[in-house]
Amino acid sequence: MDPKNSELRVGVSRLVPRAGQLARATPGSSGYDLASAEDGELTILPGAVALVRTGLALELPPGLEGQVRSRSGLAARSGVFVLNSPGTIDSDYRGEVKVVLANFGDAPFSVFPGDRIAQLVFIEVPNVCLVAVDEMTPTERGAGGFGSSGV
């Protein structure tokens, strides 16, 4: 990817006519809204999980990943989250983007065609060279994890 280029081209294919357009709510928004492209109402009961269609497929350039994330309003108001947040869309995946929604709220949650259900954020993924080492370089933290740096 050319760091001088401020825009990366991502191909977007609408697989069904009811698929929404990827759009940011404001020019400063990081995420592009993903909407439901289900045939009709989809109800997610409390404690249940549903795989929601978006009707979109993406063509990402190498070195770019799409991350499907929860919408803060859905999470705060309804207890509905993207279960595997962030869900990863790899650059070589060409299938339909689907969203794994989980209802952690107390009431059934209905998703209608066109409802914004998640957000899609594009992240650069570096190509790294993994090297086997016999010893790890010591650090002040060491192997401490899970609360070792304070609560």
Output the relative contact order of segment 11-124, whole-number percent, from Cα pairs under 8 angstrom with separation of 6+ residues. 38
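Quick one: net charge around Glu96, please, counting Lys, Arg +1 and Asp, Glu -1 for every other residue with C-beta under 11 Å from its C-beta.
Numbers: positive: Arg14, Arg53, Arg94, Lys98; negative: none.
So the surrounding residues net to +4.
Hey, what does the equivalent ellipsoid look like for segment 70-146, semi-axes from the Cα gyration tensor as sqrt of 5 times each eigenvalue, largest first, whole Å? Spell out each step's value before the answer.
Values: eigenvalues 259, 81, 18 Å².
The equivalent ellipsoid of segment 70-146 has semi-axes of 36, 20, 10 Å.
Can you put Leu45, Leu60 in order, fewest other beta carbons within 10 Å first?
Leu45, Leu60
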In segment 25-88, if every C-alpha pair distance is counted and binned at 10 Å from zero, what percent goes to each bin? 16, 49, 29, 6
When 1/r is averaged over all different Cα pairs and the result inverted, which Kirkwood radius in Å belongs to the chain? 17.6
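For segment 87-151, which GluC sites (Glu not before Pro) pass both filters: DSSP loop (anything but H, G, I, E, B) and at most 11 other C-beta atoms within 10 Å? Present the calculation step by step, with values, prior to reporting the outcome.
Working: sites: Glu96, Glu124, Glu135, Glu140; in loops: Glu135, Glu140.
Hits after loop and neighbour filter: Glu135, Glu140.
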For the pair Leu51 and Ala75, the simple spin-label estimate (label points 7 Å beyond Cα toward Cβ) gives in nm 2.4
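Go through segment 1-104 and name the trypsin sites (Lys or Arg not before Pro) that are in a DSSP coil and have 13 or fewer other Cβ atoms within 10 Å of their Cβ. Before the final figure, lay out the partial values.
Values: sites: Lys4, Arg9, Arg14, Arg18, Arg24, Arg53, Arg69, Arg71, Arg77, Arg94, Lys98; in loops: Lys4, Arg9, Arg18, Arg24, Arg71, Arg94.
Sites meeting the loop and neighbour criteria: Lys4, Arg9, Arg24, Arg94.
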Taking the dipole of segment 11-124 about the Cα centre (Lys, Arg +1; Asp, Glu -1; charges at Cβ), the one of Ser78, Leu42, Gly95 that reaches farthest to the positive side is Ser78
Restricting to DSSP H runs of at least four residues, report the calculated mean residue ellipticity at 222 nm for the chain, -39500 (n - 2.57) per run over all residues, nearest 500 deg cm²/dmol. -1000 deg cm²/dmol
In whole angstrom, how far apart do the alpha carbon centroids of segment 117-151 and segment 57-108 sit? 22
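A short reminder: the numbers here are calculations on the coordinates, not readings from a lab. No experiment lies behind these values; they were computed from the predicted model shown. No Cβ is skipped: glycine too gets one built from the backbone with ideal geometry, and neighbour counts run over all protein chains shown.
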